Amino acid sequence: MNNRKTFRTELCDMLGIEYPILLAGMGGLAGEGHAAQPKLVAAVSNAGGMGVLGATGLPLDELRAEIREIKSLTGKPFGVDVLLPEDLSVSPPPNMSLAELKRNFIPKQHIDFVEKLAADYGVPLTEIRQELVFSVEHSKKQIQVLLEEGVPLYCAGLGIPDWLVPMAHEGGMKVLGLAGNVRGALRHKKARGDFIVAQGYEAGGHTGRIGTFALVPQVVDAVAPTPVLAAGGIGDGRGLVAALVLGAVGVWVGTAFLFAEEANVTDIHRKMISEANEEDTRVSRVWTGKTLRQIKNPIQEAFDSSGLRPLPMLVQLLLMMDLINSLAKAERYDLLCAPTGQIVGLLKETKPAKQILDDMVNGAIKLLGETLPTKVKIES
């Protein structure tokens, strides 16, 4: 006998899922890799939500392999998230070596800062030799892999270039874009994205400056009738209900699923988030040049107090790549970026992803089934 309760919005019909909950396509900078790997993606999809693979930085062969691994673990719909800046005009030329790129694009004082940090922590700074994967050409190849593998949903973490939606729609793939303000949401609508995530300041990872409660209704009104999902500070049934009341058709959830048994998270990272409270995260541009919320750490604090200006996204990432990979090789995960949202103070227990999703759904159903769960009194 099936005792599962129904909790659906129009988003469920659009994506072919049971519950209006999407796993945020959480990535990672080095060492532990991306948190939303195939096991977690499949677990969320199998539980009735929609898992989303965090695929930023994956070479094409690894991207294809991970998509196929997901398909071996679930027959349910899933998505793939790649950070693709709308404007790659500040991107370094793809035909330059990393050494040339650094000489031409990175100021000496920034390089000196990174070298001093490595020396201060006794970490040998090793120059990496790998291709920079941020380019229009590489991005189109990524989309082609997704289309060839029949991925239902592409999630654009930073922007929707004008060529993306026609290419995706022609292959039968829907497109979701994340926005931290109304202006960004309107750009996604103009690009004809199928769904828009209004992500509040509270969220972990790349985030904006507007709080979720202020942002979601403004985006809903601005982009109607395009469906909007809410993100930022949503970790239980109360957050799900609040998002729906604000006009969203579903939620995009990251930090809560860092506590999933299937999440790819190091022991050090798990300990950090389990001990953190709502004040233990910081927004910094140190790692990628974009505002990114993480558990506070010494590298972020050193950069933010250095007086150095953050460089454009891809150049800042180029600056930090050697340090990131050197810290990972030395297993200094305590010094690496741990993207985490402010909701972390509410979350303590590691559980299977299915239980996290079921708890959220059942909490929302219980809340909606109660009559006036607050102290509000309505009289005629």
Looking only at helices (runs of 4 or more DSSP H) that lie completely in segment 185-301, which have at least 3 residues being farther than 24 Å from Ile365 by Cα? 212-223, 267-275
How many residues does segment 176-194 contain that are surrounded by 24 or more Cβ atoms within 10 Å (Cβ to Cβ), farther than 11 Å from Ala222 by Cα and among the hydrophobic types (A, V, I, L, M, F, W, C)? 3
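Can you tell me which residue is farthest from Met313 (Cα to Cα) among those in segment 279-290 that are modelled with pLDDT of 95 or more and among the polar types (S, T, N, Q)?
Taking segment 279-290 and keeping what is modelled with pLDDT of 95 or more, we get 279-286.
Filter once more, keeping what is among the polar types (S, T, N, Q): 281, 284.
Numbers: Thr281: 21, Ser284: 12 Å.
Restricting to residues being modelled with pLDDT of 95 or more and among the polar types (S, T, N, Q), the top hit is Thr281.
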Determine if segment 116-132 includes at least one residue that is part of a loop (DSSP other than H, G, I, E, B), aromatic (Phe, Trp, Tyr), modelled with pLDDT of 80 or more and more than 22 Å from the chain's Cα centre (by Cα). yes
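Going by the conditions given, is Val219 within 26 Å of Ile343 (Cβ to Cβ), buried (at least 24 other Cβ atoms within 10 Å of the Cβ) and either among the β-branched types (Val, Ile, Thr) or touching a residue at least 12 places away in the same chain (Cβ under 8 Å) (or both)?
On the way: within 26 Å of Ile343 (Cβ to Cβ): yes; buried (at least 24 other Cβ atoms within 10 Å of the Cβ): yes; either among the β-branched types (Val, Ile, Thr) or touching a residue at least 12 places away in the same chain (Cβ under 8 Å) (or both): yes.
The answer is yes for Val219.
Regarding segment 81-94, can at least one residue be identified that is at pLDDT 80 or above and within 28 Å of Gly25 (Cβ to Cβ)? Give the derivation first.
Initially, segment 81-94 is screened for residues at pLDDT 80 or above, giving 81-82.
When the remaining residues are screened for being within 28 Å of Gly25 (Cβ to Cβ), the result is 81-82.
Taking every residue of segment 81-94 in turn, at least one turns out to be at pLDDT 80 or above and within 28 Å of Gly25 (Cβ to Cβ).
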Scan segment 197-210 and tell me whether some residue there is farther than 19 Å from Leu258 by Cβ, buried (at least 23 other Cβ atoms within 10 Å of the Cβ) and of a type in the set (Val, Ile, Thr). no
Can you tell me which residue in segment 253-272 is surrounded by the most Cβ atoms within 10 Å (Cβ to Cβ), limited to those that are modelled with pLDDT under 95 and β-branched (Val, Ile, Thr)? Val265
Return the only residue of Thr266, Thr291 being touching a residue at least 24 places away in the same chain (Cβ under 8 Å) and in contact with a strand residue (DSSP E or B) (Cβ under 6 Å, 6 or more places away or on another chain). Thr291
Failed criterion for Gly177 (all others in (1) part of a strand (DSSP E or B); (2) more than 21 Å from Ile67 (Cβ to Cβ) hold): (2)
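Sort out which residues of segment 28-71 are in a loop (DSSP other than H, G, I, E, B) and under 22 Å from Gln355 (Cα atoms), and write them in order of number.
In the first step, residues of segment 28-71 are kept if they are in a loop (DSSP other than H, G, I, E, B); the result is 28-37, 47-49, 55-59.
Result: His34, Ala35, Ala36, Gln37, Ala47, Gly48, Gly49.
Given the condition surrounded by 19 or more Cβ atoms within 10 Å (Cβ to Cβ) and touching a residue at least 12 places away in the same chain (Cβ under 8 Å), answer yes or no: does some residue in segment 362-376 qualify?
As a first pass, look at segment 362-376 and keep what is surrounded by 19 or more Cβ atoms within 10 Å (Cβ to Cβ): 364.
Applying the additional criterion that residues be touching a residue at least 12 places away in the same chain (Cβ under 8 Å) yields 364.
Looking for residues that are surrounded by 19 or more Cβ atoms within 10 Å (Cβ to Cβ) and touching a residue at least 12 places away in the same chain (Cβ under 8 Å), one finds at least one in segment 362-376, hence yes.
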For Leu327, which of the numbered conditions (1) more than 20 Å from the chain's Cα centre (by Cα); (2) buried (at least 20 other Cβ atoms within 10 Å of the Cβ); (3) within 16 Å of Arg238 (Cβ to Cβ) fails to hold? (3)
Condition check: part of a helix (DSSP H, G or I), farther than 30 Å from Val41 by Cβ and modelled with pLDDT of 95 or more. Does His110 satisfy that? yes
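From the list Leu314, Leu357, Leu372, which one is among the hydrophobic types (A, V, I, L, M, F, W, C), modelled with pLDDT under 95 and outside any loop (DSSP other than H, G, I, E, B)? Walk me through how you get there before you give the answer.
Numbers: Leu357 fails: modelled with pLDDT under 95; Leu372 fails: outside any loop (DSSP other than H, G, I, E, B).
None of the others qualify; the one that does is Leu314.
If I ask for residues that are β-branched (Val, Ile, Thr) and either surrounded by fewer than 23 Cβ atoms within 10 Å (Cβ to Cβ) or at pLDDT below 95 (or both), which ones from segment 9-46 would you list? It would help to see each step written out before you state the result.
First, the residues of segment 9-46 that are β-branched (Val, Ile, Thr): 9, 17, 21, 41, 44.
Within segment 9-46, just Thr9 meets the criteria.
The values are calculated or read from the model by the stated rules, or taken from the named source; none is laboratory data. Quick caveat: nothing in here was measured; it's all calculated off a predicted structure. Glycine gets a Cβ as well: all are built from the backbone with ideal geometry, and neighbour counts include every protein chain shown.
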